[in-house]
DNA sequence: CTCAGTGTTCAGTG
DNA sequence: TCACTGAACACTGA
């Protein structure tokens, strides 16, 4: 679920439901893994009665600006997500009948927040790799302070982008996944960007040509922007995107253009790429 | 039963 | 000290 576009979609939902409202109810699961460094009781105390001024995001991290600090911050891990009673933040599969996934509160709910107008949001996370924290100044404290440029709002100038790549000997795929480089890029976005930029994911970052670096920067911008504009609804991503054909790891997988897709582990992650295009 | 997985962190290595 | 690599984390669902 959560790469930058999903978190941005969650931000817009949280903004709609919560901004300008006062928090009248907080329920926390007894989960010391997801609630990192804060007891449910203290977390609840920090939120109860507060007004939500804004919902902010950097990379894959989300947080609420309240009328008193500290503020809650959220990271969704691999399987976490923000939900409202009307449905999850990601679109429901069309025409699916009501099933377990539509119940309220959702399975694996870790946090429920009720607002003074009756609105409600819940954070659910099956695999418990997500984190809920309390921070006095989220963007100035770890882990958010350690992030690189936000891939949606802070794409560096071409010169600065080139500088960030200089001296990096890891495969370019690994660099794209490094949140200290580009915050918000995850596994499928990295693969999509490299496919569209026609760059072999195994290439050492510092060996990229000027033209390749230019394409790479441009594609980070366009892929992320396009996914965010689609509200993270993958049915609305362009048909030519590798995204649609990369799942399942089939030996006979091909792109929309009929190009064979290959799978390797690069940067410690499954990497889908198209050798005849990415040379 | 086994394995992959939209993410991050940490120990070990060079 | 830094960059990098791979395992670990925790759990579901195919």
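So the values come out like this:
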{"read-out": "Residues that are under 26 Å from residue A:82 (Cα atoms), in a helix (DSSP H, G or I) and within 16 Å of DNA strand B (Cβ to nearest atom), drawn from segment A:226-279", "value": "A:226, A:227, A:228, A:234, A:235, A:236, A:243, A:244"}
{"read-out": "Selection count where residues are modelled with pLDDT of 90 or more and more than 16 Å from DNA strand B (Cβ to nearest atom), scope segment A:57-98", "value": "11"}
{"read-out": "Count of segment A:43-90 residues which are touching a residue at least 60 places away in the same chain (Cβ under 8 Å), out of contact with any strand residue (DSSP E or B) (no Cβ under 7 Å at 6 or more places or on another chain) and over 14 Å from residue A:4 (Cα atoms)", "value": "1"}
{"read-out": "Which listed residue, of A:46, A:10, A:41, is assigned by TED's automatic domain parsing to the domain that holds residue A:134 and crowded, with 23+ Cβ neighbours inside 10 Å", "value": "A:10"}
{"read-out": "Where a residue in segment A:16-33 is closer than 19 Å to residue A:124 by Cα and its partner, wherever it lies, is at pLDDT 95 or above and part of a loop (DSSP other than H, G, I, E, B), with Cβ under 8 Å and at least six apart", "value": "A:17/A:119; A:18/A:119; A:23/A:48; A:23/A:49; A:23/A:50; A:23/A:116; A:25/A:48; A:26/A:48"}
{"read-out": "Residue check for residue A:184: surrounded by 18 or more Cβ atoms within 10 Å (Cβ to Cβ), on the phi > 0 side of the Ramachandran plot and away from DNA strand C (no atom under 16 Å from the Cβ)", "value": "yes"}
{"read-out": "Test: residue in segment A:99-111 that is more than 13 Å from DNA strand B (Cβ to nearest atom), free of Cβ contacts under 8 Å to residues at least 60 places away in the same chain and under 22 Å from residue A:227 (Cβ atoms)", "value": "no"}
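Okay, residues lined up against (1) assigned to a strand (DSSP E or B); (2) touching a strand residue (DSSP E or B) at 6+ places or on another chain (Cβ under 6 Å); (3) farther than 30 Å from residue A:204 by Cα; (4) without any contact (Cβ under 8 Å) to a residue 24 or more places away in the chain:
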{"position": "A:113", "(1), (2), (3), (4)": "yes, yes, yes, no"}
{"position": "A:155", "(1), (2), (3), (4)": "no, no, no, no"}
{"position": "A:161", "(1), (2), (3), (4)": "no, no, no, no"}
{"position": "A:169", "(1), (2), (3), (4)": "no, yes, no, no"}
{"position": "A:173", "(1), (2), (3), (4)": "no, yes, no, no"}
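Table: residues versus (1) surrounded by 13 or more Cβ atoms within 10 Å (Cβ to Cβ); (2) within 16 Å of DNA strand C (Cβ to nearest atom).
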{"site": "A:206", "(1), (2)": "yes, yes"}
{"site": "A:211", "(1), (2)": "no, no"}
{"site": "A:247", "(1), (2)": "no, yes"}
{"site": "A:264", "(1), (2)": "yes, yes"}
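The values are calculated or read from the model by the stated rules, or taken from the named source; none is laboratory data. As the structure is a prediction and not an experimental result, all values here were calculated from the model. When we count neighbours, we look across all protein chains shown, and the Cβ atoms used for this are built from the backbone with ideal geometry, even at glycine.
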